[in-house]
Amino acid sequence: MSRSKPAPLEPDTKVGGYRIVRKLASGGFGVVYLALTQDGQRVAIKEYLPASLVERPAGEMIPVADPEKLSLYRLGLKSFFEEGRSLAQISHPSVVGVLNFFRENETVYMVMNYLEGASLQEFIIIARDLKRKKIFRESTIRSLYDEILQGLRVVHQHKMLHLDIKPANIFVTDDDKPILIDFGAAREVIGQEDRRFRPMYTPGFAAPEMYKRDASFGPWTDIYAVGSCIYASMTGYPPYEATQRLEKDRLPMQLSKLRGIYSDNLIEIVEWCMALDPLARPQSVFNLQKELGAEHPRRYTQLSLSEKLRMQFDELVTDTKARVDKARQVTGLAGQFGGRDKP
Ligand SMILES: Nc1ncnc2c1ncn2[C@@H]1O[C@H](COP(=O)(O)OP(=O)(O)O)[C@@H](O)[C@H]1O
Ligand SMILES: [Mg+2]
């Protein structure tokens, strides 16, 4: 049965002494509004309103959870509350500031500094459409991630992990400051054994250990995501999902295409952050910051002709294989082709 999404609060609704101006965004877990304080300051308010668990007719305030989903709803509510509580302890220019959080209408609200700008994802898409060789300049990438890492380091110092770092969760303000947002998946997991709450993951940005039941997370888990974000800032696209990489890792080939465009050192940093083995990655943000900020003279190693040819051949094989697989899916004739591909 399809059902409608719960309605957002209407403009001019009052919650916790704030006045809703309009909805800014809505995701699976809630709605973000622009609102005003009593003295007219702009704030952003995030309301816990999981679309798959509750209903709310337009004009109503209180979301109603389906009875059989009530325990899930409460669990999510607790974790949303944790997001606010954790964030409230942190004050850093690269981490979104939480001003207040409160319960009302049988749900939870988190009040944040209102940020003006756009997410890094939007910038990447715009840059990608320009079809230049580089998405961002190397110096831009280095300074952007240096600022993000300063914030992330403080998050880790508070024994928290973000666990959902991706370009959509990096906000770039109109005065060019990158800010980490959306700590919905954040957990005080460092040294914590309770594994009941496995966070959601975003393909391409989630480290391989996030797909495993019994793996332990650490700063290296967020660092994998940072590496993926840097990759997306160089190529315009997310990298292949970790599970696919475990089968056949095309990352080295994709990175070698960036040679001559970005410095060898930046390419090596991405490779280091995105190592499939957690132990082979930088183990702390500080390790990574040192390398990203190091003043090495930049070396650019161009691809040799034979490497270019090998890469083209590799792509041809991959493309052909993908086309054959697609054709099989479409025609449903997989069995008649007798199973495996010839290498
Ligand atoms: N503090 C804020 N100021 C302005 N806009 C915000 C703020 N926080 C979130 N947003 C907007 O809401 C969107 C979703 O917020 P986010 O925290 O990522 O929630 P989710 O992805 O879980 O829906 C962001 O991409 C951004 O456009
Ligand atoms: Mg988000």
Only one of (1) closer than 17 Å to residue 217 by Cα; (2) free of Cβ contacts under 8 Å to residues at least 60 places away in the same chain is not met by residue 283, so which one is it?
(2)
Check the stretch 66-73 and report whether any residue there is hydroxyl-bearing (Ser, Thr, Tyr), at pLDDT 90 or above and within 27 Å of residue 159 (Cα to Cα).
no
Is it true that some residue in the stretch 291-310 is within 17 Å of residue 230 (Cα to Cα), crowded, with 17+ Cβ neighbours inside 10 Å and modelled with pLDDT of 85 or more?
yes
Which of the following residues is at pLDDT below 90, of a type in the set (A, V, I, L, M, F, W, C) and out of contact with any Gly (no Cβ under 9 Å at 6 or more places or on another chain): 168, 185?
185
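From the residues in the stretch 297-325 that are β-branched (Val, Ile, Thr) and in contact (Cβ under 8 Å) with a residue 24 or more places away in the chain, which one is nearest to residue 268 (Cα to Cα)?
Of everything passing the filter in the stretch 297-325, 301 is nearest to residue 268 (Cα to Cα).
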Yes or no: residue 73 without any contact (Cβ under 8 Å) to a residue 40 or more places away in the chain, away from ligand 1 (no atom under 13 Å from the Cβ) and in contact with an Asp or Glu (Cβ under 9 Å, 6 or more places away or on another chain)?
yes
Identify all residues within the stretch 188-208 that are at pLDDT 95 or above and surrounded by fewer than 21 Cβ atoms within 10 Å (Cβ to Cβ); write none if there are none.
204, 208
Subset of the stretch 15-32 [within 10 Å of ligand 1 (Cβ to nearest atom) and out of contact with any Leu (no Cβ under 6 Å at 6 or more places or on another chain)]
23, 25, 26, 27, 28, 29
Does the stretch 133-140 contain any residue that is without any contact (Cβ under 8 Å) to a residue 60 or more places away in the chain, within 20 Å of residue 27 (Cβ to Cβ) and more than 11 Å from ligand 1 (Cβ to nearest atom)?
no
Being touching an Asp or Glu at 6+ places or on another chain (Cβ under 9 Å), surrounded by 15 or more Cβ atoms within 10 Å (Cβ to Cβ), of a type in the set (Val, Ile, Thr) and not assigned by TED's automatic domain parsing to the domain that holds residue 48, is that true of even one residue in the stretch 88-96?
no
When you scan the stretch 14-41, how many residues do you find that are out of contact with any Asp or Glu (no Cβ under 9 Å at 6 or more places or on another chain) and either over 19 Å from residue 80 (Cβ atoms) or surrounded by fewer than 16 Cβ atoms within 10 Å (Cβ to Cβ) (or both)?
12
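The values are calculated or read from the model by the stated rules, or taken from the named source; none is laboratory data. Values in this document were obtained by computation on a predicted structure and should not be read as measured data. Positions of Cβ are backbone-derived with ideal geometry, glycine not excepted, and every protein chain shown enters the neighbour counts.
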